[in-house]
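Trainee: One structure, pasted below without further comment.
Every number in this text was worked out from the coordinates using simple rules, so none of it is lab data. Keep in mind the model is a prediction, meaning the values are calculated, not measured. When we count neighbours, we look across all protein chains shown, and the Cβ atoms used for this are built from the backbone with ideal geometry, even at glycine.
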Amino acid sequence: MALFDKHIDIRRHTLTKVISFDENYLSGLTKTSYCCTIYDPISNTLLDLIDSRRKNVLENYFAHIPVSERLIVKYVTMDMWETYKNISFQMFPNLEYVAVDSFHVIKHLNEAIDTIRKSIMNQYADRKDTDKTGIYWLLKTFHYFLKEDFNKLKYTWHPNSHFSYLHDKHEVLSHLLAISDTLKAAYELKEEYREFNLVGSYEEALTIIPDFIDRFKAFPRQEFRDFGCTLANWKTEIINSFIRIDGKRLSNGPMESLNGRIDKIMSDGC
């Protein structure tokens, strides 16, 4: 029985051509702490909420939906949870593509560059109070410069005895990247991927994603090599995320704001 049926008495919607799988952490409200959200990203409709993301639970759930309805599903978007992929191919006979949501790919990439930043920053930790260069402070204070879209950054001046002249975000970024050649190379490669992720087409992704895999795997830091392996392991699904249906890219993006509302509904309603 679906989670909404238990607590709120809302029945599921019919499956649609494109569905998204995601999960919410609801500790204490479900047996496994995670519930599975099923969503139609084209019409922005919550289809159902299931009280577990485990394979046996999802198998049982979809087995009770008529095959005629499951035939409707042709595209699935998801995070990097292998169970969703397996269930999709098992339960949707007409399935054409499974796509990994690009938000989760970028999240892994940002975590990788942030680990590199911390490693470099910690080289200056033992002398952070006496270091006249202020490198530790710079890497710690402006960590978000390396992860967020630079064009959207809102820079507020941080007065500091070492960097009192950093009134412009371009100066901040320039000083950050001058600290380490490795950090600079990591940032530039990360930005290349991020920018392609924003504007690339499916046809371009077929050749460009494999090239990114090779470049990340060849990077001198293990964090980026691991990310390259992640790209390789999910290559097909990541490339599929560049497909557009009815003008919309295959993505879990529309679910992000919904997840917060689900958390509130479940905490208020239970």
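Trainee: Non-local amide H neighbours of THR45 (under 5 Å, H modeled in plane, Pro and chain starts lacking H): which ones?
Mentor: For THR45, whose amide H was placed from the backbone, the distant partners under 5 Å are ASP40.
Trainee: Can you work out ³J(HN,Hα) from phi for every residue in region 78-91, in order, using Karplus 6.51 cos²θ - 1.76 cosθ + 1.60 and θ = phi - 60°, giving whole Hz and x for Gly and Pro?
Mentor: Karplus-based 3J(HN,Hα) across region 78-91 equals 6, 8, 8, 10, 4, 4, 4, 5, 5, 4, 4, 6, 6, 9 Hz.
Trainee: Calculate one ³J(HN,Hα) per residue across region 101-111 by plugging θ = phi - 60° into the Karplus curve 6.51 cos²θ - 1.76 cosθ + 1.60, and present them in order as whole Hz with x for glycine and proline.
Mentor: 4, 5, 4, 6, 5, 5, 4, 5, 5, 5, 5
Trainee: Would you pull out the residues with amide H under 5 Å of ALA99's amide H, same chain only if 5 or more places away, H placed 1.01 Å from N?
Mentor: Result for ALA99 returns VAL76, THR77, MET78.
Trainee: Taking each pair of distinct Cα atoms in region 103-240 once, what is the resulting Kirkwood hydrodynamic radius in Å?
Mentor: Averaging 1/r across every pair of different Cα atoms and inverting gives 16.1 Å.
Trainee: Another one. What is the calculated FRET efficiency for LYS217 to GLN123, with r their C-beta to C-beta distance and R₀ = 25 Å, to the nearest 0.05?
Mentor: Taking R0 as 25 Å, the efficiency between LYS217 and GLN123 is 0.50.
Trainee: Could you work out how far apart the two model spin labels at ARG225 and LEU206 are, taking each label as a point 7 Å from the Cα in the direction of the beta carbon, and quote it in nm?
Mentor: 3.2
Trainee: Here is a follow-up. Once you have the Cα-Cα distance between GLU171 and LEU153, take 0.36 nm times their residue separation minus that, and quote the gain in nm to one decimal.
Mentor: Full-extension gain reported as 5.2 nm.
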